[in-house]
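Trainee: So that we are looking at the same thing, I have put the structure below in structure tokens.
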Amino acid sequence: MVSSTKIRTQDLCFYYHRQQVLHDISLDFPAHQITAISGPSGSGKSTFLMILNRLWEEIEGCSISGNVAMELDGELQDITSRALSARILRRKVGMVFQQPNPLPMSIFKNIAFPLRLASITDKNQVRHAVENALRQVQLWDEVKERLNDDGRLLSGGQQQRLCLARALILRPEVLLLDEPTSSLDPEASAAIEELLLSLKSQCTLIMVSHYQDQIQRIADLRFEIREGRFISSRSDCDGGNARRQT
Amino acid sequence: MIRRLIEGSLILFSWAAGLLLTLAFLTLVGFLLQKGGTSLGVNLIFGDTAPLDALLLRQQVFDGLFPAIIGTLLLIAGSMLIAIPLGIAAGIYMAEYCRGRVKTFFSLLFDILAGVPSIIVGLAGLSLTIFLHRSFSAQISTSLLISCLSLALLVLPYLIRTTQTALESIDPLIRMTAPALGASRLQNIIRVLLPNSISEIGSGIILATGRCAEDTAVIMLTGAVASAGLPRSIFSQYEALPFYIYYISSQYSGPDELRRGFGAAILLILLCAGLLLTALWMQRRLKTILLYR
């Protein structure tokens, strides 16, 4: 499959207070593929993900420079622009964190939460969307009898799938994953990996991962970041087209 | 060996501290009961008036504590009505919106406000009354409203601080969850951050309520009197339990009146215990309603 570019960053720098965290990152991310970002802890991988949905704006003392263009609704948009609201962007760019983070509410309400935020209140529509999202992450059969239980009572793997369902319910075009399996046992990790592969047809996935074997198994393309600088890319399929500007 | 000795004595010390506190409380209650227990009864609250008549406001109570109990309850309700919305709003502002130097400035200001002795707050209320009396109408005098305003000012720093700390101590992961799903700042505050801090904010409210119930210095300068009956409006003077206790302790005329003073103290403790239990129950209910409904 020859894929077009979904996200393009150009000379991207990131600063936390006066400290520069990312240096001149210029990368292309192909659409409908899994791109893995690897590198040692503290090298700025998670920060890079937070730029793609502008979550960094929620943290005091952060600033960026450079360009990030993303193809949304069929056209290339500058996502760092103020003209694009962060809320709208984040509905199109879902995110799953390292630790499963169900909110202290029922399973149903957790999944339906993004709909509620987007003021979608039609009960039938919500119920339908929740069921679909849960089916998509293969959690429906496990929880359909107890949708009103607290989401935090699920096992770690189930919680992470719940978070995945929650991120998917608004049908995002891009899915950001920050070490999505690092807090899970091998079996639960395998289930998540399987899911991610199945999501490629629906969205573009960008995943931070520590695990070389995981990257080999599911990623189409791999970028490495070290001390805030892009080091190398390795393509495991023909779709990868990393470039490096000097 | 020495380490184990230190560890052992530390545990012993902790136990002793707990025991001491419990004993002190029990002694206090025991003392009050011994001194004023015999005065407890319908007569202490309603005097010679029939309780039902008093409760239905058909007849004034002159020689009972009913007006003082109602006065204290009104005082608490009034000051909390002013202080809770203001305190929570200011706490949200401090935690979520205020940044940089302005934040440092406000923090300092609230800390100073928290340290102001209640008698000074009372004086401020009194000065306000005198100012209003001179510049607007000679009819304005110390009243329930002035007391409520002063008490609200007294407890405001607690409420602001507890709200602020509760919001600021929320796990960053939970804090980021809703924004990552497309929530605006306000949506995050209303749907996630506040419901998650209800317990802490509730504790702040409980502390503040207790403070309003027991404070004497503020109310004796701003409108509490020894005998006023039920307050006719928020602009009239009123009776209150702590002031009654203070008044009796300083000028009781005989053992019988002293006993009634101790009775009032027991009533005040019971009132506070009742409020505390209600607040705890509401705190739990509110969390369920806000998050799970």
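Coordinate-derived values only; no laboratory data. Being a predicted model, the structure only gives us computed values, none of them experimental. No Cβ is skipped: glycine too gets one built from the backbone with ideal geometry, and neighbour counts run over all protein chains shown.
Trainee: Which of A:Arg82, A:Arg8, A:Arg226 has the fewest other C-beta atoms within 10 Å, and how do the rest follow up to the most? Before the final figure, lay out the partial values.
Mentor: Details: A:Arg82 7, A:Arg8 17, A:Arg226 14.
With the fewest neighbours first, A:Arg82, A:Arg8, A:Arg226 line up as A:Arg82, A:Arg226, A:Arg8.
Trainee: To continue, here is another question. Dipole magnitude of the stretch A:115-246 about its Cα centre, charges +1 at Lys/Arg Cβ and -1 at Asp/Glu Cβ only, in debye to the nearest 20? Each step should come with its number before you reach the end.
Mentor: Details: 18 positive and 20 negative charges, 107 e Å.
About 520 debye.
Trainee: How large is ³J(HN,Hα) for each residue in the stretch A:145-154, as worked out from phi by the Karplus curve 6.51 cos²θ - 1.76 cosθ + 1.60 (θ = phi - 60°), to whole Hz, x for Gly and Pro?
Mentor: Rounded to whole hertz, the list is 7, 9, 5, 8, 6, 4, x, 7, 7, 6.
Trainee: May I ask for the angle, rounded to the nearest 10°, between helix A:186-199 and the longest principal axis of chain A, with both axes built from Cα atoms and the value confined to 0 to 90°?
Mentor: 80
Trainee: Quote the convex hull volume per residue of the stretch B:170-248, based on C-alpha atoms, as a whole number of Å³. Kindly include the intermediate steps, with their values, before the conclusion.
Mentor: Working: hull volume 10.7 nm³, N = 79.
Spread over its residues, the Cα hull of the stretch B:170-248 gives 135 Å³ apiece.
Trainee: Let me ask another. Only four residue types carry charge here, +1 at the Cβ of Lys and Arg and -1 at the Cβ of Asp and Glu. Report the dipole size of the stretch B:239-287 about the Cα centre in Debye, rounded to the nearest 20.
Mentor: Working: 5 positive and 3 negative charges, 95 e Å.
The calculated dipole for the stretch B:239-287 is roughly 460 debye.
Trainee: Another one. What helices does chain B have that are whole DSSP H segments, at least 20 Å long along their own axis by Cα, and with mean Kyte-Doolittle hydropathy of -1.0 or more? Can you show the working numbers first?
Mentor: Details: long enough: B:2-36 (50 Å, 1.37); B:66-92 (38 Å, 2.14); B:100-115 (23 Å, 1.01); B:118-135 (25 Å, 1.44); B:144-168 (35 Å, 1.42); B:194-214 (30 Å, 0.51); B:255-292 (55 Å, 0.91).
Answer set is B:2-36, B:66-92, B:100-115, B:118-135, B:144-168, B:194-214, B:255-292.
Trainee: Where in the stretch A:185-205 does the amide nitrogen come within less than 12 Å of the point 7 Å from the Cα of A:Gln138, taken along Cα to Cβ?
Mentor: Within reach of a label on A:Gln138: A:187-199.
Trainee: In Å, what is the Rg of the alpha-carbon atoms in the stretch B:67-255, and how long is Dmax?
Mentor: 19.6, 70
Trainee: Additional query: Let's test the formula: R0 of 41 Å, r as the Cβ-Cβ distance of B:Asn43 and B:Ile190. What FRET efficiency results, to the nearest 0.05? Could the numbers behind the result be given before it?
Mentor: Values: r = 50 Å, r/R0 = 1.21.
According to the calculation, E is roughly 0.25.
Trainee: Then there's this: Could you tell me how many degrees, from 0 to 90 and to the nearest 10, lie between the Cα long axis of helix A:123-136 and the main elongation axis, the longest principal axis, of the Cα atoms of chain A?
Mentor: 60
Trainee: Going by how many other Cβ atoms sit within 10 Å of their own, how do A:Leu177, B:Leu275 line up, fewest first? Write down the numbers at each step before the final one.
Mentor: Numbers: A:Leu177 26, B:Leu275 17.
Arranged by neighbour count, lowest to highest, A:Leu177, B:Leu275 become B:Leu275, A:Leu177.
Trainee: Please give the average number of partner chain Cβ atoms lying within 10 Å of the Cβ of each residue in B:182-188, rounded to a whole number. Spell out each step's value before the answer.
Mentor: Numbers: counts 18, 9, 4, 3, 0, 5, 2.
That works out to 6 on average.
Trainee: Right, next: For labels at A:Ser81 and B:Ser107 in the simple 7 Å Cα→Cβ model, what's the distance in nm?
Mentor: According to this spin-label approximation, the distance is 3.9 nm.
Trainee: Could you calculate the FRET efficiency of B:Ser169 with A:Ser182 from 1/(1 + (r/R0)^6), where r is the beta carbon distance between them and R0 is 41 Å, rounded to 0.05? Mind dumping the intermediate values first?
Mentor: On the way: r = 25 Å, r/R0 = 0.61.
It comes out at approximately 0.95.
Trainee: When DSSP assigns beta bridges and you keep just the ones with both residues in the protein assembly as shown, what percent turn out antiparallel, to the nearest 5? If you can, show how the numbers build up before the last one.
Mentor: On the way: 27 of 45 bridges.
Percent antiparallel among DSSP bridges in the protein assembly as shown is about 60.
Trainee: Right, something else. Given Cα pairs under 8 Å that are at least 6 residues apart, what percent is the relative contact order of chain B? If you can, show how the numbers build up before the last one.
Mentor: Working: 345 pairs, mean separation 76.3, N = 293.
Computed value for chain B: 26 percent relative contact order.
Trainee: Next question, about the same structure. Send over the semi-axes of chain A's equivalent ellipsoid, whole angstrom and largest first, taken as the square roots of 5 times the C-alpha gyration tensor eigenvalues. Intermediate values should be presented prior to the final figure.
Mentor: Working: eigenvalues 173, 81, 59 Å².
So the equivalent ellipsoid measures 29, 20, 17 Å along its semi-axes.
Trainee: Rg over Rh of the protein assembly as shown, using C-alpha atoms and the Kirkwood radius, what does it come to? Spell out each step's value before the answer.
Mentor: Values: Rg = 31.4 Å, Rh = 27.9 Å.
For the protein assembly as shown, the value is 1.12.
Trainee: In vacuum, with every alpha carbon of the stretch B:62-168 counted as one equal point scatterer, what does the Debye formula give for log10 I(q)/I(0) at q = 0.10, 0.12, 0.14, 0.21 Å⁻¹? Two decimals, please.
Mentor: So the normalised log intensities work out to -0.37, -0.52, -0.67, -1.09.
Trainee: Within the stretch B:178-213, list the residues whose amide N lies under 15 Å from a label point set 7 Å along Cα→Cβ of B:Leu276.
Mentor: B:203-213
Trainee: Where in the stretch A:97-116 is the amide nitrogen less than 16 Å from a point lying 7 Å along the Cα-to-Cβ axis of B:Leu290?
Mentor: Under cut-off, by backbone N: A:103-106.
Trainee: Let me ask something additional. Across the stretch A:31-159, what fraction of all alpha-carbon pairs, as a whole percent, falls in each successive 5 Å bin from zero upward?
Mentor: Once binned at 5 Å, the Cα pair distances of the stretch A:31-159 give 2, 8, 15, 18, 17, 16, 14, 7, 2, 0.
Trainee: Number of Lys pairs in the protein assembly as shown with C-alpha atoms less than 23 angstrom apart, excluding same-chain neighbours closer than eight positions?
Mentor: For the protein assembly as shown, qualifying lysine pairs total 12.
Trainee: If neighbour count is taken as other Cβ atoms inside 10 Å, put B:Leu109, B:Leu151, B:Leu193, B:Leu32 in order from fewest to most. Write down the numbers at each step before the final one.
Mentor: Values: B:Leu109 12, B:Leu151 29, B:Leu193 21, B:Leu32 17.
Taking fewest neighbouring Cβ atoms as first place, the list is B:Leu109, B:Leu32, B:Leu193, B:Leu151.
Trainee: Name the residue, out of A:Ala188, A:Ala36, A:Ala219, whose mean-square fluctuation peaks in a Gaussian network model built on chain A with Cα pairs under 10 Å.
Mentor: Judging by the Gaussian network model, the answer is A:Ala188.
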